[in-house]
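Asks: Got a structure here, written out as structure tokens. Questions coming.
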Amino acid sequence: MINVITKAIALLTTITMLTGPQADNAAKQLGLAQQPDSGVSDEVKGDDVLTAPVDPVQLCKDITIGWNLGNTLDATGSSTDSETSWGNPKATKELILAVKAAGFDGVRIPTTWFNHLDDDFNVDEAWLDRVQEVVDYAYDEGMYVILNAHHENWNDPYESTLRDVKKKIKKLWTQIAEHFEGYGERLIFEGMNEPRWRNTKYEWNGGNSEGRSVVNEYNKCFVETVRATGGNNRYRALMIPTYAASASAVDGFTVPDDKSLIVSVHAYSPYNFAMNGDGTTKFDPDDSNSTRELEWLSDTLYDRFISKGVGAIIGECGTVNKNNLTDRLNWAKYFPKVFGENGIPIFLWDNNAYGYGSEIYGMIHRDTLAWEYPTYITALVKAAKQTK
């Protein structure tokens, strides 16, 4: 845990940031007043004792809309400087305050661990402390936080490595779970990001029976590992992905026997509009050709999981820029509603990358805290709130 001196320094820094001009300007850009300090302290984490399994369906309903701190803690450089190895600045409390002021009440913190492990899979304590510091930026503001294992280079789902990978999952998640055991229900652990057969024909098409089966085994191992650490971890909500976190891998996906699980699916959808640079630039919420894919996914998640007491979250989503802001606004007004009406919150992907291309999802400039598309953000948040 972060020591008292470090906490005191962080508190002084936070007080300075709360009165800083950047977060205030970011709020004004969206026509909002900057949110005041929530007053939540570390002591609340210690007192937030869970005595029964968190209802995952209700928890998902309680989240209005989330945002991803992409390409930051998940970057794959070495040492604690890895956070900036993909060109982004270090995450700050002021950044999270600007995201909160825009109306987001959830933050997903993609985190890569392999580059901070020794040969025995022990996590570097300095990295754990830094991850906790960033988690606290959001958690101490009363926000929901998803903490995961993201760009790992060891957990591809093959039968040949199943036994070895399960040992590594157990070692890694025991350490993470024990470190964050005192946090309450607003902290969700997500075992993996997009487990898949990378660089094969099965990577993004829903996989094959072996890949899907091994993902099921990994998810079961993750759940059992976290539960075994006791305390709040016996009851907190845990998030498990389908193969590649893909909608097309729902078939063949099994949910472990547990009372507080959330299924993770990523939906850059409809693909030809949201991600494919050679696809369409048009999105019409009154045209079934635009909405069919989204309606199918929302209803499928509800029928297969939510109706049976398992939560569901769209862990990543977004639309690339094709000089089509009007149509992207149409999508922003529709996408959160089609999922929110079934109790499925969405988490917008933001990697602070701008321009054109299939991986360009920058939303808030990390240096100035100005939103690239303020009307888009406003439309997303408004649509999400309308389902509450």
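The values are calculated or read from the model by the stated rules, or taken from the named source; none is laboratory data. All values derive from a computational prediction rather than experimental measurement. Glycine also receives a Cβ, built like all others from the backbone with ideal geometry; neighbour counts cover every protein chain displayed. With ligands, DNA and RNA removed, areas are computed over all heavy atoms of the protein, side chains included. Shrake-Rupley method; radii C 1.70, N 1.55, O 1.52, S 1.80 Å.
Asks: Could you list all residues from the range 295-309 that are more than 17 Å from Gly252 (Cβ to Cβ) and among the hydroxyl-bearing types (Ser, Thr, Tyr)?
Replies: Of everything in the range 295-309, those that are more than 17 Å from Gly252 (Cβ to Cβ) and among the hydroxyl-bearing types (Ser, Thr, Tyr) turn out to be Ser298, Tyr302, Ser307.
Asks: State all residues of the range 197-227 that are open to solvent by 60 Å² or more (accessible area, probe 1.4 Å), more than 16 Å from Ser160 (Cα to Cα) and in a helix (DSSP H, G or I); if no residue qualifies, say none.
Replies: Lys220, Glu224
Asks: Identify, from the list Trp154, Trp127, the residue that is crowded, with 17+ Cβ neighbours inside 10 Å, more than 27 Å from Lys61 (Cα to Cα) and among the aromatic types (Phe, Trp, Tyr).
Replies: Numbers: Trp154 fails: crowded, with 17+ Cβ neighbours inside 10 Å.
Only one candidate qualifies: Trp127.
Asks: Could you please find all residues in the range 309-323 being assigned to a loop (DSSP other than H, G, I, E, B) and either of a type in the set (Val, Ile, Thr) or open to solvent by less than 10 Å² (accessible area, probe 1.4 Å) (or both)? Before the answer, list the steps.
Replies: First, the residues of the range 309-323 that are assigned to a loop (DSSP other than H, G, I, E, B): 309-310, 318-323.
Scanning the range 309-323 gives Val310, Gly318, Thr319, Val320.
Asks: Would you confirm, using the coordinates I've provided, whether Gly142 is closer than 27 Å to Leu59 by Cβ and surrounded by fewer than 18 Cβ atoms within 10 Å (Cβ to Cβ)? Outline the logic, then answer.
Replies: Details: closer than 27 Å to Leu59 by Cβ: yes; surrounded by fewer than 18 Cβ atoms within 10 Å (Cβ to Cβ): yes.
In short, yes.
Asks: For the range 233-278, which positions are modelled with pLDDT of 95 or more, more than 21 Å from Phe335 (Cα to Cα), open to solvent by 10 Å² or more (accessible area, probe 1.4 Å) and not basic (Lys, Arg)?
Replies: Tyr235, Phe253, Thr254, Val255, Pro256, Asp257, Asp258 - these are the residues of the range 233-278 that are modelled with pLDDT of 95 or more, more than 21 Å from Phe335 (Cα to Cα), open to solvent by 10 Å² or more (accessible area, probe 1.4 Å) and not basic (Lys, Arg).
Asks: Here is a check on your reading of the model: is Ile364 touching a Leu at 6+ places or on another chain (Cβ under 8 Å), closer than 30 Å to Thr84 by Cβ and aliphatic (A, V, I, L, M)? Before the answer, list the steps.
Replies: Numbers: touching a Leu at 6+ places or on another chain (Cβ under 8 Å): yes; closer than 30 Å to Thr84 by Cβ: yes; aliphatic (A, V, I, L, M): yes.
Judged against the criteria, Ile364 is a match.
Asks: What are the residues in the range 158-184 that are touching a Phe, Trp or Tyr at 6+ places or on another chain (Cβ under 8 Å), in a loop (DSSP other than H, G, I, E, B) and open to solvent by 30 Å² or more (accessible area, probe 1.4 Å), if any?
Replies: Selection gives Tyr158 alone.
Asks: So, one more: Of the residues in the range 111-124, how many are open to solvent by 10 Å² or more (accessible area, probe 1.4 Å) and polar (S, T, N, Q)?
Replies: 2
Asks: Another one. Has the range 341-352 got any residue that is open to solvent by 30 Å² or more (accessible area, probe 1.4 Å) and either of a type in the set (Ser, Thr, Tyr) or not in a loop (DSSP other than H, G, I, E, B) (or both)?
Replies: no
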